[in-house]
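S.K.: The structure under discussion is supplied below as structure tokens; questions concerning it will follow.
What follows is calculated from the coordinates using simple rules that are stated; it is not laboratory data. None of these values were measured; they are calculated from a predicted model. So basically every Cβ, Gly included, is an ideal-geometry build from the backbone, and we count neighbours across all protein chains shown.
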Amino acid sequence: MYSVLFVCTANICRSPMAMGLMQNKVRDSINEWRIESAGTWAINGEPAAINTIKVLEERGIDINSHRSRLVTLDMIRQFKLILTMERGHKEALQVEFPAYAGNVLLLSELVDGFFDVHDPIGGPLENFQETAKEIEQILSDGYEKISNLSRESSTQSLV
């Protein structure tokens, strides 16, 4: 079984976008995966941003049932790999949950980068499309690394 949690700020744009894109990427083996999302400052129960829904619908992905949720220790314990959108998210999770700090990576680290994924909130649809394209590229280029690091039986260090 593979398990990956995507984390952004409010859990209405980037992390549900990454979750939907990753679920779509592994759709042929989805039963082997647990892919979810949460936010560091999320208000529980909010729907995904309308433009997040739109850019995923353009790709045939439906996240209309998504509801935001705040990341918790119980949640962190359930995932082998936690991927954050920004350096600040990574740092916050590592400080708040030090026992699981080694499971937390910045999404861009999957492609040997160390950059934040831009938050499109408040911007036009084009900004959401650019963010989706960037996340899609990282998930594609970093897929093997995601698979290796998110495997429950893996003892490989994430860093």
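S.K.: Of all the residues that make up the stretch 115-142, how many are small (Gly, Ala, Ser) and either surrounded by fewer than 17 Cβ atoms within 10 Å (Cβ to Cβ) or more than 21 Å from residue 25 (Cβ to Cβ) (or both)?
M.R.: 3
S.K.: Which helices (runs of 4 or more DSSP H) does the stretch 59-159 wholly contain that include 2 or more residues that are over 21 Å from residue 41 (Cα atoms)?
M.R.: 125-141, 143-150
S.K.: Kindly check whether there is at least one residue in the stretch 13-33 that is part of a helix (DSSP H, G or I), touching a residue at least 60 places away in the same chain (Cβ under 8 Å) and among the small types (Gly, Ala, Ser).
M.R.: Yes, the stretch 13-33 has at least one match.
S.K.: Out of the residues in the stretch 34-57 meeting the condition of being outside any loop (DSSP other than H, G, I, E, B) and within 8 Å of residue 11 (Cα to Cα), tell me which one is farthest from the chain's Cα centre (by Cα).
M.R.: Filtering first and then ranking leaves 39.
S.K.: Go through (1) among the aliphatic types (A, V, I, L, M); (2) in contact with an Asp or Glu (Cβ under 7 Å, 6 or more places away or on another chain); (3) surrounded by fewer than 14 Cβ atoms within 10 Å (Cβ to Cβ) and name the single condition residue 21 misses.
M.R.: (3)
S.K.: Taking the condition in contact with a helix residue (DSSP H, G or I) (Cβ under 8 Å, 6 or more places away or on another chain), among the acidic types (Asp, Glu) and over 18 Å from residue 134 (Cβ atoms), does residue 36 pass?
M.R.: Yes: the conditions hold for residue 36.
S.K.: Of the residues 2, 100, only one is of a type in the set (Phe, Trp, Tyr) and touching a strand residue (DSSP E or B) at 6+ places or on another chain (Cβ under 6 Å); which?
M.R.: Only one candidate passes the filter, namely 2.
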